[in-house]
Every structure is written in C-alpha cells, then in structure tokens.
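See structure below.
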Amino acid sequence: MALVRLQKLLADAGIASRRASEKLITGGHVTVNGAVVDALGYKVQPDAVVVAVDGQPVRARRKVYIALNKPRGVLCTRSDPEGRPTVMDLLPREWSVLFPVGRLDRESEGLLFLTNDGHFSLQLTHPRYGVRKRYVAVIEGKLMESALGQFTTGIEDEGEILKAERARLLASNNSHSTVELELAQGRNREVRRLFAALGHEVVELRRTQVGPIRLGELPVGKWRVLTPTEVKSLLPGHA
C-alpha cells in the first residue's frame with residue numbers, strides 16, 4: 001500500500017478537514033505507534049501503523065456526503081460556545097463527525113455540503129480548483145445593468161480583487177434589485193463585499209448551486225445524501 005501524508009489519513013478518516021488536521025498535528029495531538037508526530041510532511045502506511053488523536057485510535061469511516069439547505073440564522077460550524085444554532089443541529093446524531101465544506105455566513109441561506117472526507121472538502125474550497133458557486137442576492141436600491149460589468153471586471157476591496165465570473169440582473173425597481181452572481185474565488189463574504197463596494201446592502205442571500213449540483217426543491221432546513229455520481233461530478237476534471 002502506498003504511503004500517505006498523515007493529515008490526509010486524518011481527513012479521510014473523518015477526524016477533521018485537511019487544514020484542521022494539520023493543526024492537530026502541529027499542536028502535538030497526533031501519535032503514530034505511540035510517538036508524537038508534529039511534522040506535516042510525515043507519511044505513513046495506513047494498514048501498518050496505529051494512528052491516534054489525543055489517545056483515541058483513528059479508524060477508517062465510510063465517507064458520507066450531504067447536501068443541506070441552510071436556513072438563515074444558523075452557523076456553519078460544528079459547535080458554538082454561545083449556544084447558537086449550528087448546521088449540526090439539523091442532522092441526525094450519528095452524523096456528528098461531519099463538517100461543513102466551506103461556509104455560508106450566519107444570515108445567508110442555501111446549498112451547503114457536509115462530509116467526513118477531507119480531500120473532497122479541499123477540492124471544493126481551495127481557490128486553485130475554481131469550483132463555481134452561484135448565488136441569488138436581493139439588495140437595497142436600484143442596480144443598473146451597467147454595474148454588472150464592474151462585477152466581472154473585478155473590484156478592489158481591502159487589498160483584494162473581488163470578482164464574479166458571471167453577473168445577471170433578474171429584477172429591479174426603485175427600492176430593491178435581485179441579482180444572480182457566479183463566483184469561483186471563494187473569498188470571505190465576497191458577495192456582500194461586492195455589492196457594498198457599489199453602495200448596496202444585501203438583504204437576502206441564497207446559494208443556489210455549487211459546481212453542477214443545484215439546490216433545486218430541497219426545503220429550507222432539510223438535507224439529502226449526494227449520489228456517487230453527484231460526488232464524482234463535483235471533483236475537478238469531472239464537472
């Protein structure tokens with residue numbers, strides 16, 4: 001069996017995402033055959049060693065992929081110290097090992113994936129893979145068609161270039177406008193920041209599609225299991 005990096009083994013076992021697994025390693029929480037390993041480049045042969053996190057042996061888990069329609073007011077985290085509702089409250093207890101793939105801010109709703117597959121999570125969230133995500137935003141004020149070009153050209157904000165791959169005006173009147181944006185970068189609160197840069201506040205924001213997977217008729221607060229074909233279609237080179 002081929003050697004694999006320790007953080008990949010942890011992510012594949014559903015312990016945490018790849019990045020979170022790296023923090024566990026560098027923090028001294030991981031042992032291999034009883035010895036602490038805190039080097040990120042360390043490789044192991046999975047079937048030939050005993051890997052543990054804080055003394056608990058790591059066991060391979062069946063990989064699970066969930067699509068959830070996240071409601072407003074719910075946090076994209078596994079737990080919250082303030083006791084606010086999280087996406088984990090919407091799932092069966094036996095799926096407590098899952099973690100969100102990326103995030104939607106608290107006041108946004110729409111399509112969110114959860115999994116115990118760290119490699120899958122990395123490929124959907126890392127900018128180098130450029131997985132596109134589609135959003136529908138309701139904003140305050142009338143947005144002119146001419147403003148759409150600014151979104152696709154790029155807008156500088158806080159030292160970053162924010163950019164939409166596509167922008168489409170769905171409806172507009174003197175008080176509100178509805179706009180569809182397609183993004184590939186995944187910067188923090190990028191949709192809200194794009195509109196704020198043009199002087200518009202987002203009052204409703206819903207993610208409707210990730211890669212080829214659409215939110216469809218999935219009710220708010222409900223989830224479904226992705227099919228193997230859907231999972232494969234989300235990975236680079238298959239979408």
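Tell me the Rg and the Dmax, in Å, that the Cα atoms of the range 132-210 produce.
Here Rg and the maximum Cα pair distance are 11.2, 32 Å.
Given Cα pairs under 8 Å that are at least 6 residues apart, what percent is the relative contact order of the range 4-57? Kindly include the intermediate steps, with their values, before the conclusion.
Details: 74 pairs, mean separation 19.4, N = 54.
For the range 4-57, the relative contact order is 36 percent.
Determine the principal axes of the Cα atoms in the range 4-57, then give the extent along each, sorted from largest to smallest and rounded to whole angstroms.
That works out to 24, 20, 18 Å along the principal axes.
What percentages, rounded to whole numbers, describe P(r) for the chain computed over all alpha carbon pairs with 5 Å bin width beginning at zero?
P(r) over the chain, rounded to whole percents: 1, 6, 13, 16, 16, 15, 12, 9, 6, 3, 2, 1, 0, 0.
Hey, how many Å between the Cα centroid of the range 165-200 and the Cα centroid of the range 6-67?
Here the two parts' Cα centres lie 39 Å apart.
What residues qualify as long-range amide H neighbours of Gly141, i.e. H under 5 Å apart, gap of 5 or more or another chain, H built at 1.01 Å from N?
It is His176, Ser177, by chain and number.
Using just the C-alpha positions of the range 40-81 as equal point scatterers, what log10 of I(q)/I(0) does the Debye formula give at each q in 0.33 1/Å?
One equal scatterer on each Cα of the range 40-81 leads to -1.22.
Taking 0.36 nm per residue of sequence separation and subtracting the Cα-Cα distance, how much length would be gained by fully extending the chain between Gln56 and Glu156, in nm to one decimal? Don't skip to the end; give the middle numbers.
Numbers: separation 100, 0.36 × 100 = 36.00 nm, distance 4.63 nm.
Once the chain is fully extended between Gln56 and Glu156, it gains 31.4 nm.
I'd like the per residue volume of the convex hull spanned by the Cα atoms of the range 70-206, given in cubic angstrom. All intermediate terms of the calculation are to be shown ahead of the outcome.
Details: hull volume 16.2 nm³, N = 137.
Hull volume over Cα atoms, normalised by residue count, gives 118 Å³.
Using a/c under 1.5 as the rounded threshold, could you call the range 109-155 rounded, prolate or oblate? The axes a ≥ b ≥ c are square roots of the C-alpha gyration tensor eigenvalues, and prolate needs a/b larger than b/c, oblate otherwise. Before the final figure, lay out the partial values.
Numbers: a/c = 5.13, a/b = 1.99, b/c = 2.58.
Oblate, because a/c is 1.5 or more while a/b does not exceed b/c.
What base-10 log of the normalised intensity I(q)/I(0) is obtained for the range 161-207 from the Debye formula, alpha carbons as equal point scatterers, at q = 0.22, 0.23 Å⁻¹?
Log10 I(q)/I(0), no solvent term: -0.82, -0.90.
Readers should treat all values here as calculations from the given coordinates under stated rules, not as data from a laboratory. Not measured: the values here are computed from a predicted model.
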